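Q: One structure follows; several queries about it will come next.
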Amino acid sequence: MLRAVRAALPDERLIYVADSLYAPYGERDDDFIADRTLAIGEWLVSQGAKTLVVACNTATSQSIAQARERLPIPVIGVEPGIKPAALTSQTRVVGVLATAVTLRSARFQALAERHTSDCHFILQPGHGLVQAVERCDVNSPELVALLRSYVQPMLDANADTLVLGCTHYPFLDQAIRSISGDRLTLIDTSIAIARQLERQLDSFGLRAAPARDQAQAIELPRFYSTNDGQALRQLAASLLGLDVTVEHAVIPSRRTLALESDPAV
């Protein structure tokens, strides 16, 4: 998402927060995810953010309504590209790779049900994939073997389209293509979300003015992590080609305060 937003809106100043201390969200309960999403959103508002992109399918599915109700800025969520996949598929069989929390959410179920009348969806939780990307592992033999166990049954069922239902998964596109070749069209909604952000900024009159000097380099995002930041710095270098400083952000919330006071919680 950050990559797509930077490309679409080069004049905007971006703040990126990774909740690395409590990731991955795909293995957390619904209340924890909503609690963290709201806390981080409020922290970003305190830092001067004018719009929030919840760049996580899991967080969107569990907390977007609350975030829009509670935060005083426009909030944009992401969701798996079920509709474009249904429009794309010729075989009418579509694979969906997402976190278990996203797949079980009412928001996702409602989205999928709108398109199930003439399209069969194969839902596959991507256990271990977020952790692999967070380790900067996007092509190891172990990672490819794990992906094959998820993707091959879809190919065997004649799927011709695969929804990448987690914002980590586009970094695995080459590994997926090494398994599927040209048999699968990969659906990644990041560009569509960046365009939606652009429309929202224009609608609310919030879009930054173009830089006077077009030759001026695009300003690097400000990176924050709730952990020590080393992993995020490595991710930015490996996956985005950015050499950045990562600042530590302390963002307490109701659930994490409970964890700190009682490790057994």
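The values are calculated or read from the model by the stated rules, or taken from the named source; none is laboratory data. Computed from a predicted model, the values in this text were never measured in an experiment. Ideal geometry is used to build each Cβ from the backbone, glycine not excepted, and the neighbour counts take in all protein chains shown.
Q: Within the stretch 243-262, track down each residue that is in a helix (DSSP H, G or I) and free of Cβ contacts under 8 Å to residues at least 40 places away in the same chain.
A: We begin by selecting, within the stretch 243-262, every residue in a helix (DSSP H, G or I); these are 254-261.
Result: L257, A258, L259, E260, S261.
Q: Now, a different point. Go through the stretch 45-62 and give me each residue that's part of a helix (DSSP H, G or I), among the aliphatic types (A, V, I, L, M) and buried (at least 22 other Cβ atoms within 10 Å of the Cβ).
A: Residue satisfying the conditions is A59 alone.
Q: Taking only pairs six or more apart or across chains, which ones have beta-carbon atoms under 7 Å, a first residue in the stretch 51-73 that is at pLDDT 95 or above, and a second residue that is among the basic types (K, R)?
A: I73/K50
Q: Between R207, R104, which is over 16 Å from the mean Cα position of the chain (by Cα) and either β-branched (V, I, T) or not assigned by TED's automatic domain parsing to the domain that holds D228 (or both)? Walk me through it before giving the result.
A: Numbers: R207 fails: either β-branched (V, I, T) or not assigned by TED's automatic domain parsing to the domain that holds D228 (or both).
Just one listed residue meets the conditions, R104.
Q: Hey, another quick one. State which residue pairs qualify: first residue without any contact (Cβ under 8 Å) to a residue 60 or more places away in the chain and inside the stretch 10-35, second residue surrounded by 16 or more Cβ atoms within 10 Å (Cβ to Cβ) in any location, beta carbons under 8 Å apart, and separation of 6 or more residues or different chains.
A: Cβ pairs passing all conditions: A34/Q62; A34/S63.
Q: Residues being in contact with a Ser or Thr (Cβ under 8 Å, 6 or more places away or on another chain) and either assigned to a helix (DSSP H, G or I) or among the aromatic types (F, W, Y) (or both): count how many of those fall in the stretch 65-85.
A: Let us first name the residues in the stretch 65-85 that are in contact with a Ser or Thr (Cβ under 8 Å, 6 or more places away or on another chain), namely 66-67, 73-81, 84-85.
In the following step, the residues that additionally are either assigned to a helix (DSSP H, G or I) or among the aromatic types (F, W, Y) (or both) were identified as 66-67, 84-85.
Matching residues across the stretch 65-85 total 4.
Q: Next up: Would you check if there is a residue in the stretch 117-131 being touching a residue at least 60 places away in the same chain (Cβ under 8 Å), assigned to a helix (DSSP H, G or I) and not hydroxyl-bearing (S, T, Y)?
A: Yes, the stretch 117-131 has at least one match.
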